Amino acid sequence: MKKSDKIMWSGCPVRYAAGVFGDKWCFVLLRDILLHGKRYYGEFAASEEGISTNILADRLSRLEGDDMLTRHVDPNKRSKVFYLPTRKARVLLPAFLGMMVWSTEFDDKTAAPASFAKAFRENPKAAIAWYEAEIDRVNAGLEHSC
């Protein structure tokens, strides 16, 4: 860890987390990977937030460097790559789901349905397990092609 990193982090876990994925674009990419099943560069570029290609490439590289994603060449089309979430990224799933629930209460424009929030509050383990199974399902299709 560089001296400047150590000073900036200073042992605060929230600051560390914000340093890894706190950038809005890193956050959106992790959301797309963990909650929306996106894996390919083109899928990320097509997100409605409109990330520019240079920022997208930089943030994917940053997330890869922070061990949040692994990059793989698509064996069916070697000019394409896809990204898989690492365990380090996947353990953020409950936090992302919690933020979705939080937004149903405080953001009247949220896309998260109130029914999701209710189901999550009643059985958070089941909701987390469902999303984990979806991540596994999407990853399995790609991992078998490697």
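FYI, it's all coordinate maths here, none of it is from the lab. Quick caveat, the model's predicted, so the values are computed rather than measured. Heads up, the Cβs are rebuilt from the backbone with ideal geometry, glycines too, and the neighbour counts pull from every protein chain shown.
Once the chain from residue 111 to residue 16 is taken as fully extended at 0.36 nm per residue, the excess over their C-alpha distance is 31.4 nm. If the chain linking residue 43 and residue 142 were pulled fully straight, counting 0.36 nm for each residue of separation and taking away their Cα-Cα distance, it would gain 34.2 nm.
If we count other beta carbons within 10 Å of each Cβ, what is the order of 103, 79, fewest first?
The fewest-first ordering by Cβ neighbours comes to 79, 103.
Sequence-ordered 3J(HN,Hα) estimates for the range 46-55 from the Karplus curve with 6.51, -1.76 and 1.60 and θ = phi - 60° stand at 7, 4, 5, 5, x, 5, 6, 5, 5, 5 Hz, glycine and proline given as x.
The order of 20, 91, going from fewest to most other C-beta atoms within 10 Å of their C-beta, is 91, 20.
Per-residue Karplus couplings for the range 115-132, computed as 6.51 cos²θ - 1.76 cosθ + 1.60 with θ equal to phi - 60°, are listed in order as 5, 5, 4, 4, 4, 5, 5, 6, 8, x, 4, 5, 5, 4, 4, 4, 5, 4 Hz, Gly and Pro entered as x. Could you tell me how far the Cα centroid of the range 10-50 sits from the Cα centroid of the range 96-127, in Å? That distance is 19 Å. Once backbone amide H atoms are built at 1.01 Å from N, residue 74 has 80, 81, 82 as its partners under 5 Å, excluding neighbours fewer than 5 places away on the same chain.
Extension gain for the segment residue 126 to residue 61, taken as residue separation times 0.36 nm less the Cα-Cα distance, is 20.2 nm to one decimal. For the range 69-77, the Karplus equation 6.51 cos²θ - 1.76 cosθ + 1.60, evaluated at θ = phi - 60°, returns couplings of 9, 10, 9, 9, 7, 6, x, 7, 8 Hz by residue, with Gly and Pro reported as x. In this structure, the residue pairs whose Cα-Cα separation is over 24 Å, taken from 24/109; 24/125; 24/118, are 24/125; 24/118.
Here the Kirkwood formula puts the hydrodynamic radius of the range 3-143 at 16.3 Å, using every distinct Cα pair.
Summary of packing: across the peptides 62-75, 22-35, 126-139, the per-residue average of other C-beta atoms within 10 Å ranks them, highest first, as 22-35, 62-75, 126-139.
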